[in-house]
Amino acid sequence: MSMDLELPPMISWKEKLLGVGSVDSIKDHLATGDGKDRDLVLLEGDVIRPTINGIPRIDFSDKIKQILYKEIETIVVSKLLGQSIGYNALHNRISSFWKLSKPFQLMDFENSYYLVKFQCFDDYEKVLT
């Protein structure tokens, strides 16, 4: 018995930026997320893709900008100075040093940069002060 499996074609970020990926595909992506963003509905004027001097650009409406800002308002960019340690060791040290009231998310980047996303604003302020 043989099966022919056809996978849907993947759309690259470049194709999305240039307009090959449609707003409908973005809506589909948001609707099939983890359930948190199901209330988000993109309308026709929410995503604008002008081209200025041959360079594509993406503009968002104020409504979408507010949603994006809300998601990133409790994120801190951190850089390890000196000796480099692994992801799990850093996560454990941050947990023990900061003693936060709620769990946090840690995302690693190159060159010892990390993003720390807090779940509550009180923990965010505590760390910054």
Determine if the range 55-67 includes at least one residue that is at pLDDT 85 or above and surrounded by fewer than 10 Cβ atoms within 10 Å (Cβ to Cβ).
-> yes
Flag for Arg38 being outside the structural domain of Tyr113 (by TED's automatic domain parsing), over 26 Å from Glu110 (Cβ atoms), surrounded by 10 or more Cβ atoms within 10 Å (Cβ to Cβ) and at pLDDT 85 or above | no
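Report yes if Lys70 is at pLDDT below 90, in a loop (DSSP other than H, G, I, E, B), within 16 Å of the chain's Cα centre (by Cα) and exposed (fewer than 13 other Cβ atoms within 10 Å of the Cβ), otherwise no. Let's see the steps before the verdict.
On the way: at pLDDT below 90: yes; in a loop (DSSP other than H, G, I, E, B): no; within 16 Å of the chain's Cα centre (by Cα): yes; exposed (fewer than 13 other Cβ atoms within 10 Å of the Cβ): yes.
So Lys70 does not fit the description; no.
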Is there a residue being at pLDDT 90 or above and polar (S, T, N, Q) anywhere in the range 105-114?
-> yes
Could you please let me know if Ser95 is under 19 Å from the mean Cα position of the chain (by Cα) and of a type in the set (S, T, N, Q)?
-> no
Are there any pairs, at least 6 apart or on different chains, whose C-beta atoms fall under 6 Å, with the first in the range 82-105 and exposed (fewer than 12 other Cβ atoms within 10 Å of the Cβ) and the second polar (S, T, N, Q), and if so, which?
-> Ser84/Ser112; Lys102/Gln119
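The values are calculated or read from the model by the stated rules, or taken from the named source; none is laboratory data. Since the model is a prediction, treat every value here as computed from it, not as a measurement. Cβ coordinates were reconstructed from backbone atoms using ideal geometry, including for glycine residues, and neighbour counts include every protein chain displayed.
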